[in-house]
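Notes follow the structure.
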Amino acid sequence: MIRIGTSGYSFSDWRGTAYPKKLKSEEMLSYYEQELGFDCVEINSTYYAILNERAYMSMAENTGNTFEFTVKGYRGFTHDPFDGRLKENRPSREKALEHARRFNETLEPLRKKNKLASLLLQFPVFFTPSRDHREYILALKNVFAKTELAVEFRNSAWISEETFGFLQENRLIFCSVDEPALPRLVPFVNRVTAQKAYFRLHGRNKEWFNAPVSLRYDYSYSDEELEKFVPEIKKMNTGAKKSYVFFNNCHKGYAVKNALTLKERLGISSERRDLFSC
């Protein structure tokens, strides 16, 4: 089974592009599911703050029984402990694991509704391959023992048979990515290391390291670019029981347009409206 969605659903610049101009924020998730026809979403706001249980309960109650969520891990346990730029403000590993334990508790409403597909651990470019870092990943696996984990690396040094073996041995999902072809960033690699597959498309903005975060994902895939991923995703899905594909190029609703196009190319039915007549 292949499920396709976007990395987030609540963006002001989607109004008038992916959403009707006057759509209220509290109506966006329902519109995303019911009008655009998506059956999954990746929650990204959780990178910036730990949500409370009520937020997840609301998401669960306002979506259909088969709708699924993946949730991105909080930066307090994926990024900040390894960022030397934070200096004295950098949290200790124990503090980071405390954040992880609190984060884990908040996910319970999604677990109870059987709507939590996985937790995404995205590690930064300065998180390099080492025994110490592999042990840290396993420490997080222990914290999130009731949840399947997908691991996304931003440093290309992780792309090795040693890494794939480590992930497979520990039943961790390798997150394949498509992102700009720039030094240090990870190229697209089609590998499945667990029962689920995970693929994130970030766009190919060449100004990745120079653009502000708000513009880093300003990129729309052409139909030709998307077509090249069709056989890759089908191949990915042969090695997994379920595959998740999320578009993170959310600027101006590009993610929605590209996700719906890819669904069509893969023959995945979707009840949809003419997006750009909103």
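The values are calculated or read from the model by the stated rules, or taken from the named source; none is laboratory data. The structure presented is a predicted model; accordingly, all values stated were derived computationally and were not measured. For neighbour counting, all protein chains shown are included, and Cβ atoms are generated from backbone atoms with ideal geometry for every residue, glycine included.
Some points to look at:
- The listed residues are LYS241, LYS252, and the only one of them that is surrounded by fewer than 19 Cβ atoms within 10 Å (Cβ to Cβ), over 25 Å from SER10 (Cα atoms), of a type outside the set (A, V, I, L, M) and in contact (Cβ under 8 Å) with a residue 60 or more places away in the chain turns out to be LYS241.
- Identity of the residue in segment 182-216, closer than 17 Å to ILE159 by Cβ and aromatic (Phe, Trp, Tyr), that ends up surrounded by the fewest Cβ atoms within 10 Å (Cβ to Cβ): PHE188
- Output for segment 165-180, where each listed residue is hydrophobic (A, V, I, L, M, F, W, C) and either crowded, with 21+ Cβ neighbours inside 10 Å or more than 13 Å from LEU201 (Cα to Cα) (or both): PHE166, LEU167, LEU172, ILE173, PHE174, CYS175
- Scanning segment 100-152 for residues that are among the β-branched types (Val, Ile, Thr) and closer than 19 Å to VAL186 by Cβ, we see that the one that is farthest from the chain's Cα centre (by Cα) is THR128.
- When residues of segment 43-64 are limited to those that are hydroxyl-bearing (Ser, Thr, Tyr) and touching a residue at least 12 places away in the same chain (Cβ under 8 Å), the one surrounded by the fewest Cβ atoms within 10 Å (Cβ to Cβ): TYR48
- Of all residues in segment 41-64 being of a type in the set (Ser, Thr, Tyr) and part of a helix (DSSP H, G or I), the one that is farthest from the chain's Cα centre (by Cα): SER58
- TYR31 vs. criteria out of contact with any Asp or Glu (no Cβ under 6 Å at 6 or more places or on another chain), part of a loop (DSSP other than H, G, I, E, B), modelled with pLDDT of 95 or more and not small (Gly, Ala, Ser): no
- Just one residue in the set VAL192, VAL151, VAL186 is touching a helix residue (DSSP H, G or I) at 6+ places or on another chain (Cβ under 8 Å), at pLDDT below 95 and among the aliphatic types (A, V, I, L, M); that residue is VAL186.
- Flag for TYR244 being touching a Lys or Arg at 6+ places or on another chain (Cβ under 6 Å) and part of a loop (DSSP other than H, G, I, E, B): no
- When segment 4-27 is limited to residues that are buried (at least 20 other Cβ atoms within 10 Å of the Cβ) and either among the hydroxyl-bearing types (Ser, Thr, Tyr) or not in a loop (DSSP other than H, G, I, E, B) (or both), the one that is nearest to the chain's Cα centre (by Cα) turns out to be SER7.
- The set of residues from segment 154-194 being within 27 Å of LEU110 (Cα to Cα) and part of a helix (DSSP H, G or I) comprises LEU167, GLN168, GLU169.
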